[in-house]
């Protein structure tokens, strides 16, 4: 689970996941392993593909291209790998953004079969990534001070276990670096994370078991960080203390599974 419809913002998760898949593949006895990649080339896609090639170290690379869009990749890797260039068939219609979104929506319907809203106690979870929910809430005096410094209505604020101050406001928060620096100095934290409530609900998430294996999807539909619980729409039935919650970047309507926006959670 990388939590995004684009690789551009989740490099670390993608490469960690790829490493896990490569390691798992060694448990199978097969003659050939084919890895299908995305069609992302522009705006960082070339660099991403080159890094993926270096990680996988394939015996053969098959590049399907319409013109010469893959040549920057092939030129970069030189003669280190065997490369077969294949021209894309003119009879094949490339999927556009609308097609891909519709396919994802149909898959969401499958993933959320028999799902229901469940209350998750934050302290019972095996872990959270990124860690913006687990920690201790600010007392009333500090809570009021944070609201004053930010100049907005804060609905929740806590010091996360990794010494980051997380503040969640009703609406989007925009402050300059001097305000953040003042909060860091005054509260003795190493970083300030500012989020709006709309960035967290309804947010696609995933669960991993204690072995790091994917356990299922969920959608955050409500939360009360002061009382340290999250409501998640999910069909996962494994005990929470054996699960890690992974936050995504995609906001999904739990009624029809339409993708309705993206979050700016720092991943």
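Worth a mention:
- Of the set (1) part of a loop (DSSP other than H, G, I, E, B); (2) touching a residue at least 12 places away in the same chain (Cβ under 8 Å), all apply to residue 182 but (1).
- Here residue 216 fits the description: at pLDDT 95 or above and at positive phi.
- When the stretch 225-253 is filtered for residues that are in contact (Cβ under 8 Å) with a residue 60 or more places away in the chain, more than 14 Å from the chain's Cα centre (by Cα) and within 26 Å of residue 173 (Cα to Cα), the ones remaining, listed by number, are 225, 226, 228, 229, 230, 231, 232.
Residue by residue, here is whether (1) in contact (Cβ under 8 Å) with a residue 12 or more places away in the chain; (2) in a strand (DSSP E or B); (3) within 27 Å of residue 252 (Cβ to Cβ); (4) in the same structural domain as residue 257 (by TED's automatic domain parsing) holds:
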position	(1), (2), (3), (4)
76	yes, no, no, no
84	yes, yes, no, no
105	yes, no, yes, no
108	yes, no, yes, no
118	yes, yes, yes, yes
123	yes, no, yes, yes
128	yes, yes, yes, yes
131	yes, no, yes, yes
136	yes, yes, no, yes
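- Counting residues in the stretch 187-194 that are in contact (Cβ under 8 Å) with a residue 60 or more places away in the chain and crowded, with 16+ Cβ neighbours inside 10 Å gives one or more.
- The one condition in (1) free of Cβ contacts under 8 Å to residues at least 12 places away in the same chain; (2) within 18 Å of the chain's Cα centre (by Cα) that residue 214 fails to fulfil: (1)
The values are calculated or read from the model by the stated rules, or taken from the named source; none is laboratory data. Everything numeric here is computed off the predicted structure, so don't read it as measured data. Note: ideal-geometry Cβ built from the backbone for every residue, glycine included; neighbour counts use all protein chains shown.
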